[in-house]
Each structure stands twice: as structure tokens, then as C-alpha cells.
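Read through the structure below, which is laid out as C-alpha cells, and then see the notes.
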Ligand code: ADP
Ligand code: GLC
């Protein structure tokens, strides 16, 4: 989109950006969407994030600026320094800036201590208000001249608020867009603290950030952005209902057509089996995304995947059985992800009589970790649980598994089902949010579908879907290969989503000019 003869400038402010910092899909999105936007030729993206203690900027070729910057917040001036570089990866150049301040650099974790998953640092409101405010100071001091500020989740909702109410030195009107990646996380603090962090008295009520007597940062994004997006069309509808809105359904409904659902893309530069540096053997071919992959290449691809499976079984200490279907789950271990369904399926031995192995890679809530640990002692030969965050193993698991199980209670978008299809690992998903928007249920008769879907949130329904998958695996080989090929060919690249964001940006710009 051209503004007075030049492309529009978009300042993304986010708490995660892969591969530098990541706890989940938010990082993956910020590692790819800004570049896809710049690649349209109609926008220029800039990304601002934080330099956490566990992150080594020099590893990513980032250089430290000598000059410090003074950021006004909570009645004080905070001196921060900046690391400057580019978003790693091939393709368009996207400037990336990291805010360096002890509130980030002296903490090893992003949101809380790494050895205590689920625990937050007590001063996160202040930390992310600082990131939000510093991004705007940086834009002024580096003369970036953004037309639009794009905040992501509660952590950077205040960037939207500050941009909207004029807490910045940019001397211009800014359009604002806020993306909800997960409505469950609201960023709660006291109203007093929100006031100290710059929320004006008139914005502390229910029409502003107030939520049941506290302040919810996410409302600073929802109420003040010109336009709001979330990461799939189905989730955009679901969050207007009490079941998925978690108390914000009224706010979401009131947004009307100012709320748009745009499905996330997959970053195929990082997630393709033919170029993945983590796999013991690469397989498939870019032409596999077209319809013309010839039979020889296809058989080579299958052989490559079989080798990845054998290596994965060996690495995990599972018996090297090529014909035993290997299920996989890679996930934050929380209720959102349906891990309790997986536990109850295994605890009640609902797949008794079926031959299968299952690898589960994840970290999360202690009660779920404990249940999984107990299950490994019960089923040592079929269950391999790795309670860790391991990027390399996550790629090897996508490559080596036969099916990916993702029975989420709710799922704003989900990325692993997209990666799985590309790796020839049909997903078994609960049809909610982005899972419903990306996986098509398998139908042997019409030779259609890319995975296995179920609706009811209970262990028998999950079991039924898995049994269908296992019977397809053991059934007609040509039909099963057709399922794999359709998934590998499906294109969930970022280009299409980037165009949808451009459309929303245009509307936000028009709104901002209207006053
Ligand atoms: P969410 O953002 O809700 O966690 P997504 O499906 O959008 O879910 O994204 C999850 C991302 O985090 C994927 O890239 C996935 O591979 C990664 N991931 C989750 N748990 C782990 C883990 N234990 N080790 C490595 N990667 C993980
Ligand atoms: C959130 C959601 C996930 C989504 C990701 C990136 O963490 O839980 O569904 O894919 O954000 O948008």
C-alpha cells in the first residue's frame, strides 16, 4: 500500500521473535510475518523486541549501539541501550531492534524462571510496559517514521495504547493494529499500577482497561487499536462467545467488523523436510508442493521419512519397528492443548489392542508433567516423554512421526498442524479455531482430506479419531499415501496472510485519518 508515493512503514512490537526468543507460536509468527509483509513490496516492516538474558545477540549478528536512549515511564527516565540487526533468514531485509535493560537482560526467562514453567515474574506489567514505550522512543530516535504500530498480545498492547493517545515523540498521527494470539492471557495488574504506567484516569474504567476490578493490558489493545485481528477466522467467531471469550466476549462482539481473523502461515524456510538441517536425512522436494511429483521422487521421499522414523525411535529408546505407527505431540503442557485428554486416554488404556508408539515433547504445568511421567513407567515400550524445550528434537519429531496429535480445547491458530502436513505427518486434531480452518477430515471414499478431526472434547472422541488414523495407516497403501501427499502439497505459506494484513492496515490507516 502506497502512502504519498512510498510503501507504508509498520512497526511490530512483540515479546518474542524466533529464532532469537520463543516460547511458542508467537515467536514463529514474528520471525516470519514481518518479512512476508515487506516482500509484498507494499509495506516495510520493523521489529522491536527485548534482549532477554538467555539471548546472545552476537550469535545473530546483532551489534550494540553505543548511544543510550532515555525512555519515560512511571515518572522516571529509564536508560536503555539498543541492539540492532536484521531478522535472521533469507529474503527481504527486515530491521530488528532489541531493547536492552536490566529488566530483560538480568532475567534468564522471557516471562518467568525457565525452570518453573507457568510461573510469571511479578513485575511483568512493568517490564512489558517498558518494552512498549521504548519501542516508540526508538522509532523516534532512529527516525523510522512508522505509519502504523502493530502490537501482539497483552505484552505489547500498551504500545498500541501509547501510540493512540500520543505518548510518543513521533510528531505524527499513528494508525494502530492489535493482534490477539491468545485471549486467555490478559496481562492483569492493579489499576494503580496501570495508572503509574501511563494509563490515563479516564481510561481506567470498564470502557478502558478495567476488568473485574483490575487492569487487563489486553484491553488496552482491544479498546484502543483502530483494528483488531486474531489468528484464524474460526477463533475470531469463537471468542465472541462465553466459552472462548473468557470474560471478554462482550468486548469482542462489540468490535463487530473491526475484528478480523487471519490464519497464520507456516515459515517454510524453517519448516520443510527437504531443507531442514535438523533431520538425519532430508526428504521430499519443493516440487512436492505441485501436482507433478514423479513416482521415483515420491518413493525416495518415503524412504527418507522412514529413515527419519528409525533414527527417532532409536534416539527415544523405542523399539525400531518400521510398521508400528508412531504418534507425536509437541506442545506447551497446559489444559489449552488437551494434554489431559491424552493422559486420560493412556491412563484408561483406551487404545488397548492397537499397535502404536507415542512421543510427547513438552514442558508445562507440573500436574500434567507428573501424570505423563507416571505413564512412562506404565508404558515404557510405547511411550517416550521428553519434558524439555528442544527445538532440534521438535524438528526431528515432525520428520520421524507418522501422525501428529493436537487435541486442543481451544486453539487460536496452531502451527504444528501446518508443519506436520508439510512433513507428511497427518495431523489428528480437535476441530476448533485454526485447527478447524486448516485440517480437512480424511474421507477414504472420496479420496479427500489432510488429517483426522473430531469435535467432542473427551477422551473417547480422541480415541475414535486415532483409531480411524491407525486403520488408514494399516489399510490401502495408495489411499494412505494420497492422504500424505495432499498434506505435503497444501500451501499455508505466509504470502496470502500478509495480503490479508495489508488489507487490515489499509482500513486502520483510513480510520486513523478519519480522526
Ligand atoms: P502455542 O503458541 O499455543 O504454544 P503453536 O502451535 O502456535 O502453539 O506453536 C507452538 C510452537 O512452539 C511450535 O513451533 C512448536 O514446535 C513449539 N514448541 C512447543 N513446545 C515445544 C517444545 N517442548 N520444544 C520445542 N518446541 C516446542
Ligand atoms: C498462540 C496460540 C496459537 C497460535 C500462536 C501464534 O500462542 O495459542 O494457537 O498459533 O499464538 O499466533
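Quick note: the coordinates plus some simple rules give every number you see, no bench work behind them. Since we're looking at a predicted model, the values are computed, not measured. Here Cβ is always computed from backbone atoms with ideal geometry, including for glycine, and neighbour counts include all displayed protein chains.
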Worksheet entry | Kirkwood Rh in Å, taken over region 470-515 so that all alpha-carbon pairs contribute | 14.0 Å
Worksheet item: Based on the mean of other beta carbon atoms within 10 Å per residue, what is the order of 195-201, 358-364, 386-392, most packed first?
Response: 358-364, 195-201, 386-392
Worksheet item: So between residue 184 and residue 86, what do we pick up on full extension, going 0.36 nm a residue minus the alpha carbon distance?
Response: 32.2 nm
Worksheet entry | Bridge type composition, region 290-490 - antiparallel percent by DSSP, nearest 5 | 5 percent
Discussion item. For the ranges 393-406, 474-487, what's the packing order if you count other beta-carbon atoms within 10 Å of each residue, average per peptide, and put the highest first?
Written reply: 393-406, 474-487
Worksheet item: Rounded to the nearest 0.05, what FRET efficiency is calculated for residue 347 and residue 202 with R0 set to 51 Å and r the Cβ-Cβ distance?
Response: 0.45
Worksheet, complete the sentence: Using alpha-carbon positions, the gyration tensor of region 241-370 gives root eigenvalues a ≥ b ≥ c; with a/c under 1.5 called rounded, otherwise prolate if a/b exceeds b/c, else oblate, the class is oblate
Worksheet item: Under a point spin-label approximation (7 Å from Cα along Cα-to-Cβ), what is the residue 278-residue 237 distance to one decimal in nm?
Response: 3.4 nm
Practice prompt. Neighbouring Cβ atoms within 10 Å as the yardstick, rank 168, 513 fewest first.
Written response: 513, 168
Worksheet item: Hey, how many Å between the Cα centroid of region 228-287 and the Cα centroid of region 186-217?
Response: 28 Å
Worksheet entry | Cα point-scatterer Debye curve for region 290-490, base-10 log of I(q)/I(0) at q = 0.08 Å⁻¹ | -0.23
Practice prompt. Please list the equivalent ellipsoid semi-axes of region 135-234, computed as the square roots of five times the alpha-carbon gyration tensor eigenvalues, in descending order and whole angstrom.
Written response: 22, 17, 10
Item to complete: Would you compute, from DSSP H runs of 4+ residues alone, the mean residue ellipticity of the chain at 222 nm, taking -39500 (n - 2.57) per run and dividing by the full residue count, rounded to the nearest 500?
Response: -11500 deg cm²/dmol
Fill in: Rounded FRET efficiency, nearest 0.05, which uses the C-beta distance separating residue 74 from residue 440 and R0 of 35 Å
0.10
Worksheet, complete the sentence: Note on region 170-213: alpha-carbon gyration tensor, axes a ≥ b ≥ c; rule is a/c under 1.5 for rounded, else prolate if a/b larger than b/c, else oblate; result oblate
Worksheet item: Restricting to the chain, what percent of DSSP beta bridges are antiparallel, rounded to 5?
Response: 30 percent
Discussion item. Compute for the chain: radius of gyration divided by Kirkwood radius, i.e. Rg/Rh, restricted to C-alpha atoms, rounded to two decimals.
Written reply: 0.97
Worksheet entry | Inter-part distance where region 87-141 and region 1-75 are each reduced to a Cα centre, Å | 10 Å
Response to the item:
Ranked output for segments 206-217, 150-161 by mean other Cβ atoms within 10 Å, highest leading, reads 150-161, 206-217
Practice prompt. Write down, largest first, the equivalent ellipsoid semi-axes of region 311-429 in whole Å, where each equals the square root of 5 times an eigenvalue of the alpha-carbon gyration tensor.
Written response: 19, 18, 14
Discussion item. Quick check on region 56-144: take the gyration tensor over C-alpha atoms, sort the square-rooted eigenvalues as a ≥ b ≥ c, and tell me if it's rounded (a/c under 1.5), prolate or oblate.
Written reply: oblate
